[in-house]
Amino acid sequence: MSTRDHPFARNMDLVRDILIWIERGAPREEQPSADNELRFNHHVKIMRDAGFIDASTMDDGYTDTGLAVPVRVDVHGITWQGYELLAAIRNDTIWNAVKSKMLEHGLPMVLDLVVSVARGYAAQNGVPLG
C-alpha cells in the first residue's frame, strides 16, 4: 500500500477544510467530511502537533494497524502559523492551481513548497492572498 493510499495519510484538502472550518467558528454541524471521524481526529492531532491549530485530543484509541488516534478532539483556534498557511491557500483559484501544478510536476504536497507555489501563482496572476 502506498503512503497516498494509507487511511491516515495527510490529506492537504482536509487540512485546508479544517482551517477554514475553525476560522468560521468550528460549528459541529459543519465539521469537514473526512470519510470517518478517526481520520478527522487524526488530522486535528497532526495539525496541532505541527503548530497550525490549538486543540486538545483525548482518549487515544488504536486502529487495526496499531496507530494511536484520538477518540475525541476539541478545537480551540488557529495559531499564527496556521493563519499563514491559510492565507496562502484559502482562495479556491489559488488552491486549485497549486494542486494542479504539484500534480503536473509530480511534486509532493510538502508545506513549504505548497506555500511557495501558492504565493508564486498569486503574484504572477494578480490574485490576492487571503
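The values are calculated or read from the model by the stated rules, or taken from the named source; none is laboratory data. Computed from a predicted model, the values in this text were never measured in an experiment. Counting neighbours? That spans all protein chains shown, and the Cβs are built from the backbone with ideal geometry, glycine included.
Tally time: how many residues in the range 80-100 are loosely packed, with under 15 Cβ neighbours inside 10 Å and over 25 Å from Asp49 (Cα atoms)?
Summing the residues that are loosely packed, with under 15 Cβ neighbours inside 10 Å and over 25 Å from Asp49 (Cα atoms) in the range 80-100 gives 4.
Can Pro108 be described as outside any helix (DSSP H, G or I), surrounded by 17 or more Cβ atoms within 10 Å (Cβ to Cβ) and not hydrophobic (A, V, I, L, M, F, W, C)?
no
Among residues belonging to the range 18-56 that are under 14 Å from Phe8 (Cβ atoms) and among the polar types (S, T, N, Q), point out the one that is modelled with the highest pLDDT.
Asn41
Taking Glu23 as meeting all but one of (1) touching a residue at least 12 places away in the same chain (Cβ under 8 Å); (2) within 12 Å of the chain's Cα centre (by Cα); (3) in the same structural domain as Ala9 (by TED's automatic domain parsing), write down the number of the exception.
Tallying (1) touching a residue at least 12 places away in the same chain (Cβ under 8 Å); (2) within 12 Å of the chain's Cα centre (by Cα); (3) in the same structural domain as Ala9 (by TED's automatic domain parsing), Glu23 fails exactly one: (2).
Yes or no, residue by residue, for (1) assigned by TED's automatic domain parsing to the domain that holds Gln31; (2) farther than 22 Å from Ile22 by Cα; (3) over 17 Å from the mean Cα position of the chain (by Cα):
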site: Gly51; (1), (2), (3): yes, no, no
site: Ala55; (1), (2), (3): yes, no, no
site: Leu67; (1), (2), (3): yes, yes, yes
site: Val71; (1), (2), (3): yes, no, yes
site: Asn96; (1), (2), (3): no, no, no
site: Leu111; (1), (2), (3): no, no, no
site: Val114; (1), (2), (3): no, no, no
site: Arg119; (1), (2), (3): no, yes, yes
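So in the range 58-81, with the set limited to residues that are among the charged types (D, E, K, R) and closer than 13 Å to Lys45 by Cβ, which one is modelled with the highest pLDDT?
For the range 58-81, the residue satisfying everything is Asp74.
Looking only at the range 22-64, count every residue that is aromatic (Phe, Trp, Tyr) and buried (at least 19 other Cβ atoms within 10 Å of the Cβ) and tell me the total.
Within the range 22-64, residues that are aromatic (Phe, Trp, Tyr) and buried (at least 19 other Cβ atoms within 10 Å of the Cβ) number 2.
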